[in-house]
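The values are calculated or read from the model by the stated rules, or taken from the named source; none is laboratory data. Given the structure is predicted, the values throughout are model-derived calculations rather than measurements. Here the Cβ is made from the backbone with ideal geometry for all residues, glycine too, and neighbour counts use every protein chain on show. Ligands, DNA and RNA are excluded from the accessible area calculation, which covers all protein heavy atoms including side chains. Shrake-Rupley method; radii C 1.70, N 1.55, O 1.52, S 1.80 Å.
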Amino acid sequence: MANFKKMDPKDLAGNPFTMIGSDWMLIAAQKDGKANAMTASWGGLGILWNKPVAFIFIRQTRYTKEFVDSSPYFSLNFFDGQFKKELGYFGRVSGRDEDKISKAGMKVSLGNTEENPLKAPIFDDAKKVFVCRKLFAPKNLDESFIEKELLEKFYNKDSQHTLYVGEIEELLTK
């Protein structure tokens, strides 16, 4: 966690549309002493239930989903533009098949350690990290679509997302 400082989420600098939609983020969680992460460009930040929250979407088929499901916490890691190649790699390769964190040349600190007392993995090269505690994860989004064309355009029966809403408990910046 070296070089990070804690910040109030309400003092966030940066455009969340750019941070998530263009710059991407790594969603990370840990299970059985191991971290896994995936690139994401869908999600958001806001206030819900009087709490600062982040919401993310993870496809059922993603290995990272197993990690997020098994932990009460996840982290959202944001990087400078110089890491676009590495983030692209995280989107193409599954942690089921290889240690993509090591192969991408990145270092992650697991949560609940002396080095990182937070409860989620933190990527050392990130410029901002949100540590989130899961609050909500509805099971079936199909029935909720009002605009059915979105369901048809972005999904088939085997590729649904789970929506996770997490309270932002920590915002770390460099």
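What to note about this one:
- Matching residues in segment 110-134 - criterion: being surrounded by fewer than 19 Cβ atoms within 10 Å (Cβ to Cβ), touching a strand residue (DSSP E or B) at 6+ places or on another chain (Cβ under 6 Å) and either free of Cβ contacts under 8 Å to residues at least 24 places away in the same chain or part of a strand (DSSP E or B) (or both): ARG133, LYS134
- For segment 70-82, a tally of residues being in contact (Cβ under 8 Å) with a residue 24 or more places away in the chain and either surrounded by fewer than 24 Cβ atoms within 10 Å (Cβ to Cβ) or aromatic (Phe, Trp, Tyr) (or both) returns 9.
- Residue tally, condition in a loop (DSSP other than H, G, I, E, B), open to solvent by 90 Å² or more (accessible area, probe 1.4 Å) and either modelled with pLDDT of 80 or more or of a type in the set (Gly, Ala, Ser) (or both), over segment 145-168: 2
- Conditions (1) in contact (Cβ under 8 Å) with a residue 40 or more places away in the chain; (2) farther than 20 Å from LEU135 by Cα; (3) not in a helix (DSSP H, G or I); number of the one not met by PHE55: (2)
- Test: residue in segment 149-160 that is touching a residue at least 12 places away in the same chain (Cβ under 8 Å), under 28 Å from LYS6 (Cα atoms) and not β-branched (Val, Ile, Thr): no
- Any chance MET38 is open to solvent by less than 60 Å² (accessible area, probe 1.4 Å), closer than 29 Å to ASP142 by Cβ and part of a helix (DSSP H, G or I): no
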